[in-house]
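For reference, the structure discussed in these notes is given below.
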Amino acid sequence: MLNILAWIIVGGVAGWLAGLVVQGTGLGIIGDIIVGIVGALIGGFIVSLLLPGTFGFTGFNIGSLIIAFVGAVILLLILKAIGVGRRRTA
């Protein structure tokens, strides 16, 4: 149960930070948490390809946050490219 809570916290923080970096997606807090969790999976997969044997998150630490953040940024850029999210009008 604590591991799931750690994933939600890491995902939420990573998704929120990625939302600040990638402007124009506007997914909201729940969307940011989901993007962060999925981003953590994407980031972990990429790291496991580049550095075999390093996949796995052990709770809330700076390494898992960085990996989740990078994955969330990648996911947000993909979502932005295909037009997912709220549109902001000037």
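Values quoted throughout were computed directly from the atomic coordinates according to the rules given, and no laboratory measurement underlies them. Bear in mind the structure is a predicted one, so any value in this text is a computation, not a measurement. Note: ideal-geometry Cβ built from the backbone for every residue, glycine included; neighbour counts use all protein chains shown.
As an exercise, use a Förster radius of 22 Å and the Cβ-Cβ distance of L49 and L77 to find the FRET efficiency, rounded to the nearest 0.05.
On the way: r = 19 Å, r/R0 = 0.84.
Computed FRET efficiency for L49 and L77 comes out at 0.75.
What distance in nm separates the simple spin-label points at I9 and V21, each placed 7 Å from Cα in the Cβ direction?
Each label point lies 7 Å from its Cα, and together they span 2.1 nm.
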